[in-house]
1. On a 0 to 90 degree scale, rounded to 10, what angle separates helix 175-186 from the longest Cα axis of the chain?
2. Need one number: % antiparallel among DSSP beta bridges in the chain, to the nearest 5.
3. Would you mind checking which residues have amide H under 5 Å from Leu225's amide H? H placed 1.01 Å from N; only 5 or more apart, or other chain.
4. Determine Rg/Rh for the stretch 190-252; Rg is computed over alpha-carbon atoms and Rh is the Kirkwood hydrodynamic estimate from the same atoms.
5. Would you mind ranking Phe205, Phe134, Phe173 by Cβ crowding within 10 Å, fewest neighbours first?
6. Put one equal scatterer on each alpha carbon of the stretch 153-277, apply the Debye formula with no solvent term, and list log10 I(q)/I(0) at q = 0.10, 0.12, 0.18 1/Å to two decimals.
7. Which residue, Leu209, Ala165, Thr197, has the largest displacement toward the positive end of the dipole of the stretch 153-277 when charges sit on each Cβ (Lys, Arg +1; Asp, Glu -1)?
8. Normalise the Debye intensity by I(0) for the stretch 131-207, one equal point scatterer per Cα, no solvent, then take log10 at q = 0.25, 0.26 Å⁻¹ and round to two decimals.
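None of the figures in this text is laboratory data; all of them are computed from the coordinates on show. Please read all numbers here as calculations on a predicted model, not as lab measurements. Cβ placement follows ideal geometry from the backbone for every residue including glycine, while neighbour counts extend to all protein chains displayed.
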Amino acid sequence: MTPSRAMMLTEYGRPLVVRNRTIPVPQHGEIRLRVSACGVCRTDLHVVDGELTKAPLPLIPGHEIVGYVDALGPDVNDFSLGQRVGVPWLGYTCGKCAYCGSGLENLCDHPLFTGYTRDGGYATHVVADAHYVFTLPEAKADAALAPLLCAGLIGWRSLRMAQDAKRLGLFGFGAAAHIVTQVALWEHRRVFAFTRTGDGESQSFALRLGAEWAGSSDEAPPEPLDAAIIFAPVGALVPQALKVVRKGGRVVCAGIHMSDIPSFPYKLLWEERQVVSVANLTRADGDSFFRILPQIGIETQISTYPLTEANQALADLRSGRIVGAAVLTM
Ligand SMILES: [Zn+2]
Ligand SMILES: [Zn+2]
């Protein structure tokens with residue numbers, strides 16, 4: 001058997017370790033990919049750091065996977081060997097609960113998540129449930145596509161949650177915001193970028209991508225906003241964002257984990273402002289996003305790392321040293 005290599009989380013809060021293992025075999029309804037690239041998402045940091053603790057250890061993180069089908073499980077007919085596909089965070093849903101039955105499979109009562117409750121893509125090979133795998137548009141390099149599998153998809157769902165907001169604030173200008181900016185501009189929205197205080201590099205990055213204003217998260221934008229999306233895992237941004245949205249405006253929390261939201265005066269919420277969260281994705285989100293993607297022509301800015309330098313990629317993401325998205329290449 002060809003050996004397979006993976007970066008594994010064996011203990012929360014500890015660096016990932018390199019492991020050789022037997023190549024996994026796809027079971028009924030599954031396919032195996034030879035992984036080409038896997039994005040490094042902030043959620044991976046929350047998993048590795050033990051802020052999300054449902055993961056059975058040892059675990060292989062990674063849920064922004066681009067790879068090539070190299071084995072088909074029994075009864076899989078929709079994919080062919082050698083085909084390029086993407087594996088996202090949503091790895092399985094039950095299909096039976098009330099949420100699955102009402103178009104909200106992102107809220108399924110019995111889901112599995114790639115790189116969290118099933119093994120992910122920080123590896124040379126990954127096995128995925130074929131029903132949750134996306135075919136990808138052509139004409140983009142594997143590594144450039146990887147961040148679209150989560151930063152892109154969650155960004156897309158968050159943007160839909162921002163409804164028809166013309167003036168859109170983005171708090172935290174990393175992998176997701178740099179993609180959402182491009183989608184929002186394509187939809188003729190106006191983008192206002194908020195970063196950590198003094199993060200001039202991210203602010204000029206946002207302006208280069210077409211944001212019309214960039215500043216620190218405690219600064220007031222030149223005019224009130226219709227909606228804001230918070231990508232940074234910082235609860236203190238919720239009242240900050242409420243301060244800058246207009247009456248009836250929406251604040252969308254897009255992360256899976258956030259530090260506690262400090263108490264704030266009711267008048268920030270008053271006048272029908274709303275705070276909502278975005279959880280996971282549905283396959284319909286992916287289908288609509290990847291269908292429209294070739295028209296938008298998103299350019300992802302990536303920093304690539306070899307698989308065995310996953311710990312360095314995570315450290316760089318943690319310290320805010322990455323402009324755009326980090327991607328592991330195999
Ligand atoms: Zn379900
Ligand atoms: Zn993610």
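1. 70 degrees
2. 55 percent
3. Val245, Arg246
4. Working: Rg = 11.0 Å, Rh = 11.8 Å.
My calculation puts Rg/Rh at 0.93.
5. Values: Phe205 22, Phe134 18, Phe173 28.
The order, fewest Cβ neighbours first, is Phe134, Phe205, Phe173.
6. At q = 0.10, 0.12, 0.18 Å⁻¹ the computed log10 ratios are -0.25, -0.36, -0.85.
7. Ala165
8. Here log10 of I(q) over I(0) equals -1.20, -1.25.
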